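What follows is calculated from the coordinates using simple rules that are stated; it is not laboratory data. From a predicted model like this one, the values you see are computed outputs, not experimental measurements. Note that each Cβ is placed from the backbone with ideal geometry, even for glycine, and that neighbours are counted across all protein chains shown.
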Amino acid sequence: MAYKNRQISHRVESFTLVEILIVIAVLAILIAMTFPVFRSFRVESDLNNSVEKIINALRLAQSKTLASEEASQWGVYFSTSTDPHQYTLFRGTSYASRVTSSDEVYALPDSVEVYDINLVGEPEIVFDRLIGSTSQSGNVSLRLKTDPTKNQTVYIENSGQVGLAIPSVPSDTERIKDSRHVHFNLGWSIQNATTVKFYFPDIPQTEEVSMADYFNIDKTAFDWEGTFAVDGVDQTFRVHTHSLDALNTLLCIHRDRNEEKNDQEVVIYIVDGGIDKDIAHYLADTNDTVTKGFYVDEMAKQ
């Protein structure tokens with residue numbers, strides 16, 4: 001019986017060099033497109049995590065004080081003289097007189113900085129024994145170095161309550177665009193206030209105006225207007241009241257747009273009882289977009 005040899009051909013399929021290079025190029029493009037999104041998410045997470053850790057450190061200091069741990073008071077000190085900025089949980093009646101062996105130092109991520117500290121006295125908060133209150137109330141503000149509009153503020157009340165003051169990015173319902181004339185219903189009286197403070201964080205530059213000469217005799221009205229040179233550009237403001245009594249203030253702030261040259265960020269405070277109370281935060285844009293500060297009940301444009 002004869003057998004016929006048969007040749008069986010096998011076809012092996014493979015990728016060509018060109019096809020491999022195309023796949024690599026597509027993958028590279030996809031990675032390049034997603035990297036900025038991932039990086040933005042990461043740095044915003046840095047800000048959120050930093051704020052949460054500061055709040056936890058403050059609450060821990062308060063808890064240690066209430067528990068009379070080491071028979072001492074505890075507090076938190078903020079330092080902006082280091083790079084990166086840092087804060088310290090310490091034991092003692094003040095940072096200067098603390099027991100250094102108990103220090104717990106925490107550094108902020110490289111992407112985050114403390115850009116504003118408004119506390120009574122030193123840049124520290126020490127809690128009182130028995131009740132957990134503090135005489136060093138105020139707020140501490142953090143922001144992203146690469147995007148200053150992304151910021152968050154931690155507040156500390158005299159009662160010892162600690163929390164997050166305002167969202168980092170205000171929604172359109174929380175801000176006013178093209179704000180040349182804005183009303184602020186403060187919910188408290190400025191009759192005992194001493195100073196109007198203008199802080200330009202990007203320069204940085206601070207201008208202070210003593211309020212005493214701009215009240216009327218019975219302190220039922222306040223009216224000041226002036227101009228500052230900021231980074232070579234004139235910044236003209238007017239701060240005055242529409243109503244003022246012992247319980248409340250309806251304050252009005254005008255900012256001259258100066259032919260849309262005044263795009264510097266500025267935070268306006270009123271110093272009352274030794275506390276820098278933030279009233280208005282103008283963003284860095286030519287529209288003069290403004291958000292209300294922590295010490296304002298309501299804001300409206302005329």
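Cα-based radius of gyration for the range 62-168, normalised by 2.2 N^0.38 Å, reads 1.08. Residues within the reach of a label modelled at ASP223 (point 7 angstrom out along Cα to beta-carbon, backbone nitrogen below 14 Å), restricted to the range 267-302: there are none.
Where in the range 190-219 is the amide nitrogen less than 13 Å from a point lying 7 Å along the Cα-to-Cβ axis of ALA284? Only 200-205 pass the distance filter. Take every Cα pair under 8 Å whose residues are at least 6 apart in sequence, average their separation, divide by the length of the range 170-302, and the relative contact order is 34 percent. Charge tally for THR153 (other residues, Cβ to Cβ under 9 Å; Lys, Arg +1; Asp, Glu -1): -2. If only the Cβ of Lys and Arg carry +1 and only the Cβ of Asp and Glu carry -1, the dipole of the range 62-168 around its Cα centre is close to 140 debye. Taking a Cβ cut-off of under 13 Å around LEU186, the surrounding Lys, Arg, Asp and Glu residues balance to a net charge of -3, with basic ones at +1 and acidic ones at -1.
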